[in-house]
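The values are calculated or read from the model by the stated rules, or taken from the named source; none is laboratory data. All values reported here derive from a predicted model rather than from experimental measurement. As a convention, Cβ positions derive from the backbone with ideal geometry for all residues, glycine included, and neighbour counts pool all protein chains shown. In case anyone asks, the SASA skips ligands and DNA or RNA and just uses the protein heavy atoms, side chains included. Shrake-Rupley method; radii C 1.70, N 1.55, O 1.52, S 1.80 Å.
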There are 2 protein chains.
Amino acid sequence: MNERGPRVPDGYDPGAFEPFAVTVDLAVFTVRQGALHVLLVERGEEPYAGWWALPGGFVRPRESAEEAARRELAEETGLDADAITALHFEQLRTYSEPDRDPRMRVVSVAFAALLPALPEPLGGGDAARAAHVPYGTVHDLAFDHGRILSDAHRRIGAKLEYSCLATSFCPPEFTLGELQGVYETVWGTALDRPNFRRKVLATPGFVEQVDGPPRRSGGRGKPAARYRAGPANALHPPLLRPEGRPE
Amino acid sequence: MNERGPRVPDGYDPGAFEPFAVTVDLAVFTVRQGALHVLLVERGEEPYAGWWALPGGFVRPRESAEEAARRELAEETGLDADAITALHFEQLRTYSEPDRDPRMRVVSVAFAALLPALPEPLGGGDAARAAHVPYGTVHDLAFDHGRILSDAHRRIGAKLEYSCLATSFCPPEFTLGELQGVYETVWGTALDRPNFRRKVLATPGFVEQVDGPPRRSGGRGKPAARYRAGPANALHPPLLRPEGRPE
DNA sequence: GCAAAAGTGTTACAAGTACACCCATGG
DNA sequence: CCATGGGTGTACTTGTAACACTTTTGC
C-alpha cells in the first residue's frame, strides 16, 4: 500500500504507524600536523559504553536535520554560532537499516563537516569525552559509525577533486603549501608542487592572493605568499588525484 | 543536550520524543523518444489533491529506506522484483524541514532511479494515476517535490560525467547512437559523435560489443553495431559535458 | 654553507576539440 | 540519388607529468 496515495485515508494519524527516532551523526574532519583527524566522543552508557562514536543526537521537533547537525557540533566543540555557520557542512546520506541501533528504530542522517585546525577548544562543549583522533587509528566504532565514517572520508576525498572544498580545512589565510598539504593528507598521496601550484592559480576564483608581508610557515624555508579562499566553489577542470577512482 | 551521550539516560524511552514519520520519495527517470521523462502520480486526497507528486510512501517498521523505495517502485510501476533489483537505484539526500508536510513531521529520504524505456506497464501497479511526464513540463509539484526533482536531475546529470550510469537508461542491448542520445537528452546539449564514440570505446569495461547482426535503429541510416553494458562503473577519465559545472 | 620550503621554466606526452570525409541503408 | 545515421581519420589545442633549476629563509 501507498500511504501517501488515495488508498489509505487514515495514513496520517500520528499513532497509526510505528514511531521512528531521527538522529544526526557527524563526521567532523580536521587536518592537524599533517594528519587527518576525526572528532569522536566516548560513549558513557550501554550499548557500546566506553566505545568511541561519532558525535550526534536527536533531531528536535521543530528543527531540520541540518539545524540539528549544526547545533550538535556547536555543543560538542564549544564553537560559537558564527564559526559553525561559516564552515563547510554537507549532508552525506541516511542510514536506515532496521537493526542499526539495538534498542529501537533509529534513522540517522549523516553529515560531514570540515574544520580548520583551530586552537582546540574541546571541553568547552558539554561532551563527556571528545577528542580529535587521527583518522584510521580507531577501528571499532559504536553502531554503524565505522561505515559512516569511511563513507564520509571517501566522499570528502572525491569532492576535493572537483570542488574548492580544500580551503575549508584551512584558516582564513593560508599558503599554497598548506593547501597542498590538505590534499596530500586527505588523499594520502604526494603531489608535485609546481604542478599543483599552477593548477590552483589557473582556476579563477579558487584562491586570491593577500597583499602584505609573506608568512612564515614555522621554521626554515622561503616565506610563502598568503592566500585566502576565492568566490569559486567548483574546479574546472578538476584536480584529479594520481590514481583516483571517484565515488 | 545530546541524547546519545551520557547526560540523558532516559533518552531511549520510545515515548519520550515526538514521533517522526519516515517516508521515501522517488525520482524515476526514463529517456523516451529523445526526451527525459519522470514518473509522477496524481494525488487523490488533501493536501495537494489533484496535484502531481513524486511516487513514494512510508518506510515500514522492518525495512530500510532502500527496501521501501524498491517496494514502492514495484507497486507503482508493476515491474517484477527482478527488474527492480537490476535497475540503478541511488539515495539522493534526506529532506527534513519541519513544515514540508503540513499535517505532521515527515522526514523523507529521496531516491533517484533510472529506467530503460520499456513498453509502458503503468496501471499494472496499484497507483491511482501515474504517468511518465516529460521533465520540465510540470512545474508545480506537491510538497517540496519540485525541489527534490530538480536536485535529482542535477545529480543524475553530474553522475553521467564520471560513471557508467548512462547504460541504465538503455535496454540490455543498445547502439552507441542510443547511448549518446541518453547523454544529450539528460544534459540538453549536443555531443560530437566521433569523439563520443572514441571516448566510450576507449574506457575499458564501459560497453562490450555484441556479436551478431547489426541493429536497425528505426528507419534510415547505416545499421549500427550492438553493445551491452560492461563491468565497469566508473569513467576514467570522465566524460565532461561541454560547459559542465558539477554539483 | 647546508637543509628546507617557495617559486619558475621547460619539455614530452596524453587527452580533448573540431572538423572533413567515407559507408550502408531506406525511400 | 539523396537524406540519414554509422563509422574513420586527422590536425589543432589544451592539459598533465616529470623534473631541473633559482630564491629566500633558519640554523
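Structure notes:
- Subset of the range A:88-107 [surrounded by fewer than 19 Cβ atoms within 10 Å (Cβ to Cβ), under 22 Å from the mean Cα position of the chain (by Cα) and assigned to a loop (DSSP other than H, G, I, E, B)]: A:ARG100
- Residues that are within 16 Å of DNA strand C (Cβ to nearest atom) and either among the charged types (D, E, K, R) or touching a strand residue (DSSP E or B) at 6+ places or on another chain (Cβ under 6 Å) (or both) within the range B:172-199 comprise B:THR175, B:GLY177, B:GLU184, B:ASP192, B:ARG193, B:ARG197, B:ARG198, B:LYS199, listed in sequence order.
- Taking the listed residues B:PRO172, B:PRO213, B:PRO204, the one that is more than 12 Å from DNA strand D (Cβ to nearest atom), over 20 Å from the mean Cα position of the chain (by Cα) and either of a type outside the set (A, V, I, L, M) or surrounded by 12 or more Cβ atoms within 10 Å (Cβ to Cβ) (or both) is B:PRO204, with no other qualifying.
- Residues (under 18 Å from B:GLY136 (Cα atoms) and open to solvent by 10 Å² or more (accessible area, probe 1.4 Å)) located in the range B:31-53: B:VAL31, B:ARG32, B:GLN33, B:GLY34, B:ALA35, B:LEU36, B:HIS37, B:VAL41, B:GLU42, B:TRP51, B:TRP52
- Residues of the range B:186-201 include at least one that is under 30 Å from B:TYR48 (Cα atoms) and either crowded, with 16+ Cβ neighbours inside 10 Å or within 20 Å of the chain's Cα centre (by Cα) (or both).
- Residues being open to solvent by 40 Å² or more (accessible area, probe 1.4 Å) and either over 20 Å from B:GLU42 (Cα atoms) or within 10 Å of chain A (Cβ to nearest Cβ) (or both) - total across the range B:76-87: 5
- Look at (1) surrounded by fewer than 17 Cβ atoms within 10 Å (Cβ to Cβ); (2) closer than 29 Å to A:GLU42 by Cα; (3) within 16 Å of DNA strand D (Cβ to nearest atom) and you find that A:ARG147 fails only one, number (3).
- Exactly one residue among B:LEU239, B:LEU160, B:LEU179 is part of a loop (DSSP other than H, G, I, E, B) and surrounded by 17 or more Cβ atoms within 10 Å (Cβ to Cβ), and that residue is B:LEU239.
- Only one of the numbered conditions (1) more than 7 Å from every other protein chain (Cβ to nearest Cβ); (2) modelled with pLDDT under 95 is not met by B:TRP51, and that is (2).
- Cross-chain or 6+ apart pairs with Cβ under 7 Å, the range B:137-148 first and in a helix (DSSP H, G or I), then of a type in the set (Ser, Thr, Tyr) and buried (at least 16 other Cβ atoms within 10 Å of the Cβ): B:ILE148/B:TYR95
- Matching entry among A:ALA232, A:ALA152, A:ALA190 (being within 16 Å of DNA strand D (Cβ to nearest atom) and either assigned by TED's automatic domain parsing to the domain that holds A:TYR135 or closer than 28 Å to A:ALA83 by Cβ (or both)): A:ALA232
- Screening A:LEU115 with (1) away from DNA strand C (no atom under 16 Å from the Cβ); (2) within 14 Å of another protein chain (Cβ to nearest Cβ); (3) open to solvent by less than 20 Å² (accessible area, probe 1.4 Å) gives one miss only, at (2).
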